[in-house]
Every structure is written in structure tokens, then in C-alpha cells.
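Just so you know, all these numbers are worked out from the coordinates, no wet-lab data involved. Computed from a predicted model, the values in this text were never measured in an experiment. Quick reminder, even Gly has a Cβ in these numbers, built from the backbone with ideal geometry, and neighbours come from all protein chains shown.
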Amino acid sequence: MEWRFQTDKYRLFCVYLPLGMLGWAMAKRAYACGIGPAFDVVGGKWKALILWELHPGALRFGELKRRIAGVSEKMLIQQLKELERDDLVVRTVFNQVPPHVEYSLTSWGQTLNKALLPIAAWGEKYSLETGRYPG
């Protein structure tokens, strides 16, 4: 699969390569462009919100669930596992009774949050100016 652009300026940088051509893969795919892997790790409805909520510091599962309106427990668990697998979130288990588990950002998660800041600013401006998503 190859992305088509109006000009060939980006053609060399954003060509999707099938698995096996580079000898490595991330999430079962390899890319010649950084956009693909970045969107793979934050894709979906909840991952960016989880990363955003973890930005100030570590949170317990219940705190995180309360901060993300509408996410089910099952979905939050699944998304946290995927973020942990992708080395964006670390799960710390404290050996005590009752069990205490906290989630926090890794250095990769922190850098990704910084990259999401301009997207959040764009989204806020877009929603205010178009009125499509009232805040």
C-alpha cells in the first residue's frame, strides 16, 4: 500500500512497507515514516486520554477511571496493557494489603504527551471556531 500525495515531496518518507521488508516490526507492521508507529501507539478513542490524564503524575486505576468519563473497566484495562506493552506506561505494584497499583508515564510516554500538546491546541481551536464540538 502506498500513500498518494498531490506532490512527490513526501513520497519517499511515507511509504508503507509490508512486514518483513525491513526485518523489524512494531505492532506487526513496519513503516518508512514516523507517523504510522506514532498513530499505532495512540490509536483509538482512549489511549491519548489515558496518556493525558497521567501527565501530572502516577494514578491508581480507580482514579484514572473516574477521570476518563465513559470508559469501561474492561476497555481501560485493555488500553493500559497495550500502553504498557508499547513502553509508554509503567505499572507499579506495591506489595501491601489492600493491593495498591499505580500507573505512570515512562520517558517515551512523556515525550509523546509533549508531541500531543499541539494536537490538543489545534483541536480546541477547531472546536471553538467551528462550533462542531461544544465544550
Assertion target for ASP40, ASP86, ordered by fewest C-beta neighbours within 10 angstrom first, is ASP40, ASP86
Restricted to pairs 8 or more residues apart or on different chains, the lysines in region 47-135 with C-alpha atoms under 22 Å apart form a number of pairs equal to 9
Stretched fully, the stretch from THR111 through GLU53 gains (0.36 nm per residue minus C-alpha distance, one decimal, in nm) 19.5 nm
If the chain between HIS100 and SER72 were fully extended at 0.36 nm per residue, the gain over the current Cα-Cα distance would be 8.1 nm
